[in-house]
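Below is one structure; the comments refer to it alone.
The values are calculated or read from the model by the stated rules, or taken from the named source; none is laboratory data. Everything numeric in this text was worked out from a predicted model, so none of it was measured. Backbone-built Cβ (ideal geometry, glycine too); neighbour counts: all protein chains shown.
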Amino acid sequence: MDIELQLTVENLLARYVHALDGDRLEDWPGFFVENGCYRITTADNHERGLPLPVLFADSRAMLRDRVSALRHASVYEAQRYRHAVTSTLVERQDAGTARAVSHFQVLRTMQTGETTLYACGRYLDRIRLAGDGGRPQFEEKIVVCDSRRFDTLLAIPL
Amino acid sequence: MDIELQLTVENLLARYVHALDGDRLEDWPGFFVENGCYRITTADNHERGLPLPVLFADSRAMLRDRVSALRHASVYEAQRYRHAVTSTLVERQDAGTARAVSHFQVLRTMQTGETTLYACGRYLDRIRLAGDGGRPQFEEKIVVCDSRRFDTLLAIPL
Amino acid sequence: MDIELQLTVENLLARYVHALDGDRLEDWPGFFVENGCYRITTADNHERGLPLPVLFADSRAMLRDRVSALRHASVYEAQRYRHAVTSTLVERQDAGTARAVSHFQVLRTMQTGETTLYACGRYLDRIRLAGDGGRPQFEEKIVVCDSRRFDTLLAIPL
């Protein structure tokens, strides 16, 4: 078991969700390599191999556009999100890359004070271990949501 | 603090819940030693020492029977489960065995897309560190549920 | 990355929530140094720098008083709590101190068997690594709740 690899990946995932939940959206693209791939999909579609993501981006530029859109719409700040990432399984793919799969859930607290479960599912990640500045970054992050309901899921990064 | 032991146990628990949530039920008995013990009980009964488990098995054969029954009833596939295991405390018992206690929760997503909290509580595990093929396996797993409601809990492994 | 520091802090947090959820409230003050600071606040107030905690204590004696009050009121035993602490980021501050920030959530199970989400948010901790008996203890623990609703939150430690 590669202890350092395990904790490096857990640390990346922790910093990622702290950035999102701390409303530091502008930091979000920096968690990906320049041509990083980000996709939100449903478990149903993922299992059937359907290429119909809820959200898709294949570069940091697209992620930055997404952040601009969210800031412009001001939807993100209206509520608070709280991620929990657990049960991360890591596998080294080659000298510079690892794959990780984790469980996640997101709670959302409205301005009224009410908190509900917003989403849950799995993160399927391919990670470049020495990305910009030697820090690990996502080459690919696929967010597979357990639910197929997406009325509000379109709004925010997971 | 035994770092390797801690991460070995966390890895076992992570693989266990990935198997369950990934509907790989046939892999479930393999997480136990041949005469492994599995029990689901309530916190109330556990504290009072009442020997009334909701579910009980003391061999892999019984776990396999359970899987067959679930597959036959086709209840398991009808919805998705998502475990979160956290706060795992590990203690070495002897050279070959460790004890672990963890918090868990399980979310359930129905085919309608609705997600609700299904169960939460504690895992009380006794683990053989070098089981079949040198991999760690459960000698005993006691699932202590916080709630005493069990209308649906009977159906699936936790 | 300091692996031992990371796991030491995660272990402290795990023991802390196991004590609370196991109704071992009398152990709670012992997780703090003698003049340890404990505060529950809301994200709104925390961000605005408002000095209006929901709960405040700056010594173990005050925490002990709190436990006595809870035991006297017998509110704590009436239901079960289940914490999940995740995504812990640790930073060494100096030779003897570390800072940690984590996500947390608490589920509450009533005697009727119903479980609901009770609170979620962040733990902001300053930890003395070699406290009493050489064990780590909290010098300061700030519990920042995402919700600003506090009808019931006043009752129990988080």
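Quick one: is C:THR116 closer than 21 Å to B:SER102 by Cα, at pLDDT 95 or above and among the β-branched types (Val, Ile, Thr)? Answer is no for this residue.
Quick check on my filter: what residues within the range C:28-57 are of a type outside the set (Gly, Ala, Ser) and under 22 Å from C:GLY133 (Cβ atoms)? Steps first, answer last, please.
If we filter the range C:28-57 for residues that are of a type outside the set (Gly, Ala, Ser), which is where we start, we get C:28-29, C:31-35, C:37-42, C:44-48, C:50-56.
Passing the criteria: C:TRP28, C:PRO29, C:PHE31, C:PHE32, C:VAL33, C:GLU34, C:ASN35, C:CYS37, C:TYR38.
Of the helices (runs of 4 or more DSSP H) lying entirely inside the range B:2-94, those containing at least 3 residues that are touching a residue at least 12 places away in the same chain (Cβ under 8 Å) and hydrophobic (A, V, I, L, M, F, W, C) span B:3-21, B:60-73.
Go over the candidates B:ALA61, B:ALA98 one by one and state the one that is more than 13 Å from the chain's Cα centre (by Cα), modelled with pLDDT of 95 or more and surrounded by 20 or more Cβ atoms within 10 Å (Cβ to Cβ).
Working: B:ALA61 fails: surrounded by 20 or more Cβ atoms within 10 Å (Cβ to Cβ).
Of B:ALA61, B:ALA98, the one residue that is more than 13 Å from the chain's Cα centre (by Cα), modelled with pLDDT of 95 or more and surrounded by 20 or more Cβ atoms within 10 Å (Cβ to Cβ) is B:ALA98.
Based on this model, can you work out whether C:PRO157 counts as within 17 Å of the chain's Cα centre (by Cα), part of a loop (DSSP other than H, G, I, E, B), over 30 Å from A:ALA78 (Cβ atoms) and more than 11 Å from chain A (Cβ to nearest Cβ)? Give the derivation first.
Values: within 17 Å of the chain's Cα centre (by Cα): yes; part of a loop (DSSP other than H, G, I, E, B): yes; over 30 Å from A:ALA78 (Cβ atoms): yes; more than 11 Å from chain A (Cβ to nearest Cβ): yes.
Spelling it out, C:PRO157 is indeed within 17 Å of the chain's Cα centre (by Cα), part of a loop (DSSP other than H, G, I, E, B), over 30 Å from A:ALA78 (Cβ atoms) and more than 11 Å from chain A (Cβ to nearest Cβ).
Scanning the range A:46-85 for residues that are within 14 Å of another protein chain (Cβ to nearest Cβ) and under 14 Å from A:VAL143 (Cα atoms) turns up A:HIS46, A:GLU47, A:VAL54, A:HIS83, A:ALA84, A:VAL85. Taking B:LEU107, is it under 18 Å from A:GLN105 (Cα atoms), within 14 Å of chain A (Cβ to nearest Cβ) and either part of a loop (DSSP other than H, G, I, E, B) or modelled with pLDDT of 95 or more (or both)? Against the criterion (under 18 Å from A:GLN105 (Cα atoms), within 14 Å of chain A (Cβ to nearest Cβ) and either part of a loop (DSSP other than H, G, I, E, B) or modelled with pLDDT of 95 or more (or both)), B:LEU107 qualifies. For the range B:1-17, a residue qualifies if it is closer than 27 Å to B:SER68 by Cβ and surrounded by 19 or more Cβ atoms within 10 Å (Cβ to Cβ), and the qualifying residues are B:LEU12, B:LEU13, B:ALA14, B:TYR16, B:VAL17.
Check whether at least one residue in the range B:116-125 is surrounded by fewer than 17 Cβ atoms within 10 Å (Cβ to Cβ), assigned to a strand (DSSP E or B), touching a residue at least 24 places away in the same chain (Cβ under 8 Å) and more than 14 Å from chain A (Cβ to nearest Cβ), and report yes or no. No: zero hits. Among the residues of the range A:25-53, those that are at pLDDT 95 or above and more than 11 Å from the chain's Cα centre (by Cα) comprise A:GLU26, A:ASP27, A:GLY30, A:VAL33, A:GLU34, A:ASN35, A:GLY36. Going by the conditions given, is C:VAL101 assigned to a strand (DSSP E or B) and either more than 14 Å from chain A (Cβ to nearest Cβ) or not aromatic (Phe, Trp, Tyr) (or both)? Against the criterion (assigned to a strand (DSSP E or B) and either more than 14 Å from chain A (Cβ to nearest Cβ) or not aromatic (Phe, Trp, Tyr) (or both)), C:VAL101 qualifies. Taking into account only those residues within the range C:1-45 that are more than 11 Å from chain B (Cβ to nearest Cβ) and of a type in the set (Phe, Trp, Tyr), which is nearest to A:GLY113 (Cα to Cα)? That would be C:TYR38. Is it the case that some residue within the range B:130-149 is away from every other protein chain (no Cβ under 12 Å), buried (at least 18 other Cβ atoms within 10 Å of the Cβ), in contact (Cβ under 8 Å) with a residue 12 or more places away in the chain and part of a loop (DSSP other than H, G, I, E, B)? Within the range B:130-149, one or more residues are away from every other protein chain (no Cβ under 12 Å), buried (at least 18 other Cβ atoms within 10 Å of the Cβ), in contact (Cβ under 8 Å) with a residue 12 or more places away in the chain and part of a loop (DSSP other than H, G, I, E, B).
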